[in-house]
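Read the structure below first, then the notes.
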Amino acid sequence: MSEPDKFEDDLLYAITRTGEGFRTEQSDLVAGGYQRGRRRWRRRSTVAVVGGAAALALVGTGAVYLTGSSPSSTATVSAAAAPSTAGGAGSATGSATPASASSASAAPAVTGDEVLAAFQALLPKGETTDAKGRGTNDGPAKGTFAGADLVFDDGHGKSLLQIGIQKHRNGQTQDRSCPDAKINRIDSCAVTTLADGSKLFLSQGYEYPDGRATTKEWLAVLTGPDGREIMMSEWNAAQEKGSPDSRPNPPLTLDQLKAVVTDKSWDRIVAALQPDGVDNSQQDPGLSLDDRKAVLAKLLPAGVTVTKIDGNEVLAEVQLAQGTTTGSLLLRVQKLVQQPGDPTTEKLFEGATVLPEGGRLKLYGPGTSNPKNQQMADLLRGDLRVMAAQGATGKPLLTLDQLKAIATSPEWKLKK
């Protein structure tokens, strides 16, 4: 993978964790660090990847989430058999410390070796190689992420298995929904609510949803009321990409994936993690998803309608339709918390056009000074920032001029 590809891949995570920002030094982003684990988290997002300066504007200001590498055991070991019952519905909360925006966790740190051992203990009998673990205090973003990955062989072919554990702040956990089977190649998908209120996402899909390769990826994601997000992925190949299929299907069934992510052994690790990102409430403009949908209904061109809107306080992904054609829009409406003249904000809007009412507008796309990838319009007016960008799903339904009209509309007003 080229350095630009790595850069854009890393951006996916930062984009999904709205309220976190982005550090503009690209060299920091592409340097080292648990690449496969990071890609796993960000690739699951349904938002667009944009390139270069456009990506910087989309993500925002502040510091990006980075996971550092902490390779642990690489010797061949034999994993213990998984318990017949693991956690179940009640295991998602356990004794984990609730996500808090203010204080660091007081729970003892968990090493990468311990995370790896916990993962291996939940797997069926088999041989593991190339095993690595990342502890709760490892890497440049220590305290906010733990994980492990290994190559597993139960005698029927090698499979890459990965797990990641993190914690989100109150209100920042983003519920997952099954992708549109008309757009994404997927064999099965379900989202269920467990007895304690946790959400369990299970899917049997492919490494490339567009069908360019036969490599399968099966996925389980548990999101809990305490902010935890535990994600496990498995492939029917020894690598995510660039490796031939080694078996017809990944080794663990969906029930086994569920048992792993809901197991109570993760409680100790969740308790040792701090919530990632910053508090979205500081940037919340006071506009609900319904508020944003109502404003968009006035601003979209004739014939283009909103079919679905998902997101959090700041960033929303909007599914669009024009007749039988589908597309998407990324909409960011944010209360700026930086002081006037903040250097990071100034860099983001460097070279922007000053509008008659005093706002600053920066455009990305064909015919602009930033002609990379998806089109985007980014407006800063006082302490309000509005960004409208071409989404990743479906076909482009909006021109750059139409994105500009959405971002610059006076309909957007702060409510808090």
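Report, to one decimal in Å, the Kirkwood hydrodynamic radius for region 282-330 based on all distinct Cα pairs. Write out the running numbers ahead of the final one.
On the way: mean 1/r = 0.0886 Å⁻¹.
One over the average 1/r among Cα pairs gives 11.3 Å for region 282-330.
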Debye intensity ratio I(q)/I(0), log10, region 117-159, q values 0.33, 0.34 Å⁻¹ (C-alpha model): -1.15, -1.19
Size of electric dipole in region 127-217: Cβ of Lys, Arg +1 and of Asp, Glu -1, about Cα centre, debye, nearest 20: 400
Share of carbon and sulfur in the accessible heavy-atom surface of region 274-416 [1.4 Å probe, %]: 50
Cα-Cα over 29 Å, subset of Lys216/Lys293; Lys308/Lys335; Lys167/Lys308; Lys199/Lys404; Lys125/Lys182: Lys216/Lys293; Lys199/Lys404; Lys125/Lys182
Binned Cα-Cα distances of region 151-214, short to long, each 10 Å bin given as a whole percent: 16, 35, 37, 13, 0
Dipole of region 238-352, positive end: most advanced residue of Thr324, Phe349, Leu273 [Cβ charges, Cα centre]: Thr324
Per-residue SASA entry for Glu127, accessible area with 1.4 Å probe, Å² rounded to 10: 90
Descending principal axes extents, region 184-276, alpha-carbon based, whole Å: 38, 24, 24
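Rounded to the nearest angstrom and ordered from largest down, what semi-axes does the equivalent ellipsoid of region 198-242 get from its C-alpha gyration tensor (root of 5λ)? Display every interim value, and only then the final one.
On the way: eigenvalues 126, 21, 10 Å².
Largest first, region 198-242 gives 25, 10, 7 Å.
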Kirkwood Rh, angstrom, region 225-364 [1 / mean 1/r, Cα pairs]: 20.1
Mean accessible surface per residue for region 293-416, computed with a 1.4 Å probe while every protein chain stays in place, in Å²: 47
Extension gain from Ala321 to Asp196, taking 0.36 nm per residue of separation minus the Cα-Cα distance: 41.4 nm
Cα centroid separation, region 325-371 to region 256-313 (Å): 22
Region 221-244-region 122-198 distance, computed between alpha-carbon centres (Å): 3
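Report the per residue volume, in Å³, of the convex hull enclosing the C-alpha atoms of region 326-416.
Working: hull volume 10.1 nm³, N = 91.
Cα-based convex hull of region 326-416, divided per residue, equals 111 Å³.
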Ordering of 210-216, 116-122 by packing [mean C-beta count within 10 Å, highest first]: 116-122, 210-216
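What is the dipole size for region 294-416, taken about its Cα centre, with +1 at each Lys and Arg Cβ and -1 at each Asp and Glu Cβ, in debye to the nearest 20?
On the way: 15 positive and 11 negative charges, 28 e Å.
Computed charge dipole of region 294-416: roughly 140 debye.
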Long-range amide H partners of Glu217 with built H, under 5 Å: Gly205, Tyr206, Glu207
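The values are calculated or read from the model by the stated rules, or taken from the named source; none is laboratory data. Only a predicted model underlies this, so the values are computations on that prediction, with no experimental measurement involved. Glycine also receives a Cβ, built like all others from the backbone with ideal geometry; neighbour counts cover every protein chain displayed. Only protein heavy atoms, including side chains, enter the accessible area calculation; ligands, DNA and RNA are left aside. Shrake-Rupley method; radii C 1.70, N 1.55, O 1.52, S 1.80 Å.
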